[in-house]
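Data block below; observations after.
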């Protein structure tokens, strides 16, 4: 039996600022910018900064193109360590997205405007954050989450 060919509509996304707060960035080493949110309080209290996991969608200056995917913020950090190589991206298969048949065809499409080189560990290399931590290496990703 052939896989279902669902009609997929363009997803709607919510963008723009969140009421009662302002998106800010805290500068770190090496040009790292960590998204934060200043939550405005009542009664003349100073705003409270909190971590903001909303991504670019709540940044009024961000240009959002849902078909282009998210910016590759970590790519230069990863390549800069010299332990990965680029590989050509293969075509996405229905099974990659759990579309095994008509009863499980969730309608997930690949990003149509995205053709990126895939990064893969070089032979004999381990490129996990745990591996770097055990070697005492502080990566930009670790700096970002700290």
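The values are calculated or read from the model by the stated rules, or taken from the named source; none is laboratory data. As the structure is a prediction and not an experimental result, all values here were calculated from the model. Ideal geometry is used to build each Cβ from the backbone, glycine not excepted, and the neighbour counts take in all protein chains shown.
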Residue pairs qualifying under the 6 Å Cβ cut-off, at least six apart or on distinct chains, with the first in region 125-140 being in the same structural domain as residue 27 (by TED's automatic domain parsing) and the second being at pLDDT 95 or above, are none
In region 68-97, anything touching a residue at least 60 places away in the same chain (Cβ under 8 Å) and part of a loop (DSSP other than H, G, I, E, B) is listed as 74
Pairing a residue in region 52-63 that is on the phi < 0 side of the Ramachandran plot with any residue that is part of a helix (DSSP H, G or I), where Cβ atoms lie under 9 Å and the two sit 6 or more apart in sequence or on different chains, gives 52/58; 62/55; 62/56; 63/56
